[in-house]
1. Please report how far the C-alpha centroid of segment B:159-180 lies from that of segment B:196-233, rounded to the nearest whole angstrom.
2. Can you list the distances in nanometres, one decimal and ascending, from the A:Asp19 label point to the identical position in each other copy, with the point 7 Å along Cα to Cβ?
3. Would you please give the FRET efficiency between B:Lys229 and B:Lys175, computed as 1/(1 + (r/R0)^6) with r the Cβ-Cβ distance and R0 = 25 Å, to the nearest 0.05?
4. For chain B, what are the per-bin percents of Cα-Cα distances with bins 10 Å wide, up to the bin holding the maximum?
5. From the P(r) of segment A:70-125, can you give the percent of Cα pairs sitting at distances over 14 Å?
6. Report the number of Lys pairs in chain A whose alpha-carbons are under 17 Å apart, with separation of 8 or more residues or on distinct chains.
7. Measuring from a point 7 Å out along Cα→Cβ, what nm distances, shortest first, does B:His121 have to its partners in the other copies?
8. More than 43 Å apart: what percent of Cα pairs in the protein assembly as shown qualify?
There are 2 protein chains.
Amino acid sequence: VPNLFPALDVHEVIIESPDHGETMAGMTSGRLEQVLAAWRQRVLDLRGTHIRYVHIFKNHGVEAGASLEHSHSQLTGLPMVPHDVEEELAGALRYFAQKARCIYCDHVRDAGTRAVLNAEHHVAIAPPVPRFPFETWILPRRHASHFESEEPGALAGLACILGQTIRMIDQALRKPAYNLFVHTAPLDEGPLGHYHWHIEILPKLAKVGGFEWGTGIHINEKTPEQAAKALQGTLGESL
Amino acid sequence: VPNLFPALDVHEVIIESPDHGETMAGMTSGRLEQVLAAWRQRVLDLRGTHIRYVHIFKNHGVEAGASLEHSHSQLTGLPMVPHDVEEELAGALRYFAQKARCIYCDHVRDAGTRAVLNAEHHVAIAPPVPRFPFETWILPRRHASHFESEEPGALAGLACILGQTIRMIDQALRKPAYNLFVHTAPLDEGPLGHYHWHIEILPKLAKVGGFEWGTGIHINEKTPEQAAKALQGTLGESL
């Protein structure tokens, strides 16, 4: 039985640009790095409180649920670890128990034709079992369970691959609405060997219907290999 | 780790009316009874196959993912029990282990101000923890785990409350798009004491964003008591 809980304790809006019309796709790496640094700093500030998980997300475009036009992201502090993150943690732990390896490290290593972008410290990939067409994940190459454990100096590289990935999606899919969020280990856990923080980007290309809402299973007509290939086709420059 | 599986073995479309423009809200109870009888008959026909679960659903309106305008529902045969139904079964079993009662029987009994419609053999309620505003469930009063175990003679009453519920939603929310689906016990299970089939109706009033897709938690500004009251306000006739 699910739980009801009152309105969120912590809900912050990060205004990403002083320019009302600027979108994440058009931002310089320096500006994106500032956004990532703000996310990281706010998470660090919530350590040691009753908050068990900080969910950072972004809705871009009306179809993705954005209610404000000005480019922004949101940060919510939750008193528990949310359902979907619990499931990821449990699945990753089962994998680790069998293979003694982090499943996300294996995703990075085994991306093959699902690789979208390879940078020095990060990769963008089409995940092996995407819920949505063109779903894209960005992960650090080096194993790390917590987003906020990234060194401030590493955020420049992350900003670069994030901007590039958004521009590839924009170009391949004609500026779609999208949701973006960070999945990371719970705030009150120490470093975990089996979990690996990552960013998920979900372009909103189709409506979700009664099959998905009733089963939790997603119909996706596009294989991750096809999606990665289509995104790579848009690549004008390399990192 | 989720599984990939190939395209569905069984996918049937039930054309609900010979009239292209007729929607479920406008159908006579007799026609709706025929639709329900078709659902039931198709489920019974799939017994004894490798199909473990039959998911029956309906997408009404473009926002709900409908790709055809002509009123229709869909039936999919799955080789496994889908994730969300597994979760409901497991949650209901935990409740049963604690209380020795079916949680859905308790929902029927305890609806109180969440009751939307009371009929002789069925009720429509706002569930205690709705994911979406105005989410409405229809359940049989008598405990039954399997939709297809409903006697053909009971479908007339079900058709009546289903039609009335859809018309109340139509009137209160100005003909919204909606998803509707049946949750029922797996095809290959005998009668279960802890599970109770039901229909869920989800009006599509808002976009789902990066909070929901990243956490599995749904923000719902409307309490079920408020939703039931608003729906009841539309009630011109009683059953």
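1. For segment B:159-180 versus segment B:196-233, the Cα centre distance is 14 Å.
2. 5.6
3. 0.80
4. 7, 31, 40, 20, 2
5. The proportion of pairs with Cα distances above 14 Å equals 70 percent.
6. Close lysine pairs under the 17 Å cut-off: 6.
7. Nearest to farthest, the other copies are at 6.6 nm.
8. When every Cα pair of the protein assembly as shown is considered, 19 percent fall beyond 43 Å.
Readers should treat all values here as calculations from the given coordinates under stated rules, not as data from a laboratory. All of these numbers come straight from a predicted model, not from anything done at the bench. Positions of Cβ are generated from backbone atoms using ideal geometry, with glycine treated the same way; all protein chains shown enter the neighbour counts.
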